[in-house]
1. For region 93-130, name all the residues that are among the acidic types (Asp, Glu) and within 14 Å of Asp150 (Cβ to Cβ).
2. Ser16 is checked against (1) among the hydroxyl-bearing types (Ser, Thr, Tyr); (2) at pLDDT below 95; (3) closer than 20 Å to Leu141 by Cβ; (4) out of contact with any Phe, Trp or Tyr (no Cβ under 6 Å at 6 or more places or on another chain) and fails just one. What number does that condition carry?
3. Say we look at region 101-155 and pick out the residues that are of a type in the set (Phe, Trp, Tyr), surrounded by 11 or more Cβ atoms within 10 Å (Cβ to Cβ) and part of a helix (DSSP H, G or I); which of these is modelled with the lowest pLDDT?
4. Report, by residue number, each residue of region 76-100 that is modelled with pLDDT of 90 or more and among the hydrophobic types (A, V, I, L, M, F, W, C).
5. Filter region 212-266 for residues that are charged (D, E, K, R), touching a helix residue (DSSP H, G or I) at 6+ places or on another chain (Cβ under 8 Å) and not in a helix (DSSP H, G or I) and give the result.
6. Could you check Asn276 against (1) modelled with pLDDT under 95; (2) surrounded by 12 or more Cβ atoms within 10 Å (Cβ to Cβ); (3) polar (S, T, N, Q) and say which number it fails?
7. Might you check whether a residue that is assigned by TED's automatic domain parsing to the domain that holds Arg172 and modelled with pLDDT of 85 or more occurs anywhere in region 196-211?
8. Test Leu86 against the criterion of being out of contact with any strand residue (DSSP E or B) (no Cβ under 9 Å at 6 or more places or on another chain) and surrounded by 13 or more Cβ atoms within 10 Å (Cβ to Cβ), and give yes or no.
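The values are calculated or read from the model by the stated rules, or taken from the named source; none is laboratory data. Given the structure is predicted, the values throughout are model-derived calculations rather than measurements. We place every Cβ from the backbone using ideal geometry, glycine too, and count neighbours over all the protein chains shown.
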Amino acid sequence: MMLLDDRICFVIMPFSETTSMHTSDYWTNHFDNFLKPLIEENAQLTATRSRAVRGSIPREIITSLINSPVVVADLTDRNPNVYWELGVRQSFRHGTITIAEEGTNLPFDIYGKGTLFYSTTGNAKFADFNIRFKEAIKDCLDNPDRPDSDVLETISGRGSLFEIFRKEEALRRLDAVIAECDRNLKTLKWASSAAKICREGTQQKRLDIYRLSTPAIEMLLTNRYLREEPEFYQLVTDCWEALAVINNHLVDWRLYPEDVGSIVLKTEDGVTKLLNQLRSWVQSAQERVRNQV
């Protein structure tokens, strides 16, 4: 189980040489003597970067990307690994700060993110970056749920893709409940008709070929994916239990044909009423789900 570490600021940055000026030693120095001291001016945080460890390096990186309350991504030189790690982070959490050296050309889908640009020359620019960088870190800690990921904003929340998919899934499930109610009403009529024929003795009818269907109703009862009153789920429970009881009796038809036929005839009206009530309530709920904005 992965645990959140509220002390870590994880830095996404290159390891190896990205240009003739930005060598492996340059990036090590950039972290040790520039980013780490700035980050750790906030006493709540310890700055770390990925390192070679025993085991799966990508797994360690992904764990840090998901668990760290603050992530800083240096986009200088448009390193592919940096962008991959940024994509992973933005798929799971807010609290990400993107930075780059002045003159870095950012791709269009990153450009509008509010990247902070730093300069290795010029005291005024350096001081301005320091102030804004530390403010951004403090904001991530003070407001961890403030959106800064277009990915999360798109797939979560009202009107998002997640909500759209959940709504469509709920409608499909409710369609299945209505269809199941319709099928059970027909099956119950057929079983009742067969039971009457058996009782009259005019023709031997098999009741054990009939079964009432319950998977869609059982899923509704188990998952409770509709936000309805307790009375609704009590109706679902009563309906499911009534169907289960009749099915259990139908199994015994060959041993006790008269008794089973009698039970079917006695319970037909009550179960029919339950099924019609459930069908009507589900239809109303379906309209409410469909009209949700």
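1. The answer is Asp109, and nothing else.
2. (3)
3. Phe126
4. Passing the criteria: Val82, Trp84, Leu86, Val88, Ile97, Ile99, Ala100.
5. Arg224, Glu228, Asp252
6. (1)
7. no
8. no
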